[in-house]
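Notes follow once the structure below has been shown.
We did not get these values from a lab; they are worked out from the coordinates using the rules stated. As the structure is a prediction and not an experimental result, all values here were calculated from the model. All Cβ positions, glycine included, derive from the backbone under ideal geometry; neighbour counts span all protein chains shown.
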Amino acid sequence: MYFWYKFFTYLFYPFSKVYLFYRKLNKKEHPIRYKEKLSDINIDRDNGFLVWFHVVSVGEGLSILPLVENFKNDKKVDKILITTITLSSAEVLQKRLIENEKVIHQFLPLDIPIFVKKFLNHWSPNLAIFVDSEIWPNIIFAIKERSIPLLLINARITKKTFKKWQLFKNFSKKIFQKFDLCIVANNETEIHLKTLGAGNIKNYGNLKFANTETKTNNSLDIKYLNKIGDRKIWCAASTHSSEEIFCAKTHLLLKKKYDDILTIIIPRHIDRIER
């Protein structure tokens, strides 16, 4: 199975630049830094111990902040590389972390062997930490070929995702066995990962709850709370654009019963708020 996955990613290679350029035109990629996904890197890798975190979105990015702070204060760690996929996660993490010269942000390259090799040759991480459910086979296999310790933290495998992995049992087993340590977010994931062939599994709960620091503006909070008053609230969180029409329809239905209902929509990709 992995042979065919790798084969098809090679086939996609000639179209990768056009694909990303098209996404850039549609404002789904950074106008300049989108080339990082082609492993076009313009930052040097200094000597020393480098820890690499990979997260996909804002939630996962914020969940690793306590860990990143610990590594920042560790004198044995010289650099921390954080890779993301989405624009929103990159913007949030840069605001929170990039003021520290010890931390570098890059976009993760496409999971195509040529880009993966170039990325790993350049950064040569001493420790790789993947967060949540980010599984990229070519990257994972390449990491272990270089004997780089590989961790999966705050791992979450839903029942739906588990069934998909079960369709390719041998393939999934080869992938999850590559992780030296899996720290899961819940009991369900622990059971699923054991079935999928992962070893050395620890269950320490959801990492997101470890990030207790929340920056708030008390005066602004009070202002909005006073405006809301005793109104009923319905919140649709982590929504995609295609789902929001249904949120609007639901609001109209709820309004028939609760005349003063307040509907709050929180998009999954926060950059859409400004559009």
Considering the Cα trace of the stretch 1-44, what is its radius of gyration and what is Dmax, both in angstroms?
12.7, 36
Calculated from DSSP H runs of 4 or more alone, at -39500 (n - 2.57) each and per residue, what is the 222 nm mean residue ellipticity of the chain, nearest 500?
-12000 deg cm²/dmol
Cα pair distances exceeding 26 angstrom across the stretch 2-210, given as percent:
34
Placing +1 at every Lys and Arg Cβ and -1 at every Asp and Glu Cβ, with all other atoms neutral, what dipole size does the chain have around its Cα centre, in debye to the nearest 20?
820
Could you compute the FRET efficiency for residue 223 and residue 95, with r as their C-beta to C-beta distance and R0 at 22 Å, rounded to 0.05?
0.40
